[in-house]
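The values are calculated or read from the model by the stated rules, or taken from the named source; none is laboratory data. From a predicted model like this one, the values you see are computed outputs, not experimental measurements. Note that each Cβ is placed from the backbone with ideal geometry, even for glycine, and that neighbours are counted across all protein chains shown.
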Amino acid sequence: MTRDAADPGTEFLRVARTELSQASGRVVDCLSKLTLDQIWRREHAIENSVGNLVLHLAGNVRQWILSGVGGEPDSRDRDWEFANRERIPAKELEERLSATVGEADRVLRDLDPAQLTEVRQIQVFQDITVLHAITHVLTHFAGHTGQVIWATKHVTGQDLGYYSYLKKGVPEGRDPTP
């Protein structure tokens, strides 16, 4: 089965928007389950708190999609994303991430699929295609989303239920993950 009249570029952009929205929603959901102490918790100095990861995700999306793909000025301070120790409340983190992802969704929605092979300079990279930049953001966001989910499960002891729809028909007591 194929999607009607969807060329590969259009389909890629649709999938990218869907995946970014879903991952962002899960990070926001995790923030809602954590206390301020849990959001900024670090077991060791080398670890990133959930709060720092959220700042980092927003910064990465802003730099790679809004600036690199969309042409907005690049004002990212990557070092600050990790160094910040100000305990920014969950609501403010959620608003920052959601606004950035919303802006990125607009850029991706309005992008002409023919632009996917155009070359951009992002960070120190001279020859990044738009396709590469979007793929980078998706994989980067997914990796840190996994960290946020793990941290949330670790400190709350809760099953977040993101995959409960897959448990239909699984014998009781059996782990359904492959």
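Suppose we filter Ala114, Ala133 for residues that are over 17 Å from the mean Cα position of the chain (by Cα), under 17 Å from Glu11 (Cα atoms) and assigned to a helix (DSSP H, G or I); which single one remains? Before you say what the answer is, go through the steps one by one.
Working: Ala133 fails: over 17 Å from the mean Cα position of the chain (by Cα).
On inspection, the qualifying residue turns out to be Ala114.
Of the conditions (1) surrounded by 12 or more Cβ atoms within 10 Å (Cβ to Cβ); (2) not in a helix (DSSP H, G or I), Gln121 fails just one. Which one is it?
The single condition Gln121 does not satisfy is (1).
Listed residues Ala45, Ala58; which is out of contact with any strand residue (DSSP E or B) (no Cβ under 6 Å at 6 or more places or on another chain), within 21 Å of Glu95 (Cα to Cα) and aliphatic (A, V, I, L, M)? Let's see the steps before the verdict.
On the way: Ala45 fails: within 21 Å of Glu95 (Cα to Cα).
Of Ala45, Ala58, the one residue that is out of contact with any strand residue (DSSP E or B) (no Cβ under 6 Å at 6 or more places or on another chain), within 21 Å of Glu95 (Cα to Cα) and aliphatic (A, V, I, L, M) is Ala58.
Does Lys167 fit the bill of being farther than 25 Å from Pro8 by Cβ and either among the aliphatic types (A, V, I, L, M) or more than 21 Å from the chain's Cα centre (by Cα) (or both)?
Details: farther than 25 Å from Pro8 by Cβ: yes; either among the aliphatic types (A, V, I, L, M) or more than 21 Å from the chain's Cα centre (by Cα) (or both): yes.
Spelling it out, Lys167 is indeed farther than 25 Å from Pro8 by Cβ and either among the aliphatic types (A, V, I, L, M) or more than 21 Å from the chain's Cα centre (by Cα) (or both).
Quick one: which of Lys91, Lys33 is loosely packed, with under 13 Cβ neighbours inside 10 Å, of a type outside the set (A, V, I, L, M) and modelled with pLDDT of 95 or more?
Details: Lys33 fails: loosely packed, with under 13 Cβ neighbours inside 10 Å.
The unique qualifying residue is Lys91.
If I filter segment 60-87 down to residues being touching a Phe, Trp or Tyr at 6+ places or on another chain (Cβ under 8 Å) and farther than 17 Å from Arg17 by Cβ, which single residue comes out as surrounded by the fewest Cβ atoms within 10 Å (Cβ to Cβ)?
The extreme case among them is Arg85.
Checking the conditions here, which among Val15, Val50 is under 14 Å from Ala151 (Cβ atoms), of a type outside the set (S, T, N, Q) and modelled with pLDDT of 95 or more?
Values: Val15 fails: under 14 Å from Ala151 (Cβ atoms).
Just a single option satisfies the conditions, and that option is Val50.
In segment 33-64, what residues are of a type in the set (Ser, Thr, Tyr) and under 16 Å from the mean Cα position of the chain (by Cα)? Explain how you work it out, then say what you get.
Narrowing segment 33-64 to residues of a type in the set (Ser, Thr, Tyr): 35, 49.
Answer for segment 33-64, where residues must be of a type in the set (Ser, Thr, Tyr) and under 16 Å from the mean Cα position of the chain (by Cα): just Ser49.
Among the residues of segment 1-52, what is the count of those that are in contact (Cβ under 8 Å) with a residue 12 or more places away in the chain, in a helix (DSSP H, G or I) and of a type in the set (A, V, I, L, M)?
Residues flagged as in contact (Cβ under 8 Å) with a residue 12 or more places away in the chain, in a helix (DSSP H, G or I) and of a type in the set (A, V, I, L, M) within segment 1-52 amount to 10.
From the list Thr152, Thr139, exactly one residue is farther than 16 Å from Gly70 by Cα, surrounded by 14 or more Cβ atoms within 10 Å (Cβ to Cβ) and either β-branched (Val, Ile, Thr) or over 20 Å from the mean Cα position of the chain (by Cα) (or both). Which is it? Even if it seems obvious, please write down each step before you answer.
Details: Thr139 fails: surrounded by 14 or more Cβ atoms within 10 Å (Cβ to Cβ).
Step by step, each of Thr152, Thr139 is checked, and only Thr152 is farther than 16 Å from Gly70 by Cα, surrounded by 14 or more Cβ atoms within 10 Å (Cβ to Cβ) and either β-branched (Val, Ile, Thr) or over 20 Å from the mean Cα position of the chain (by Cα) (or both).
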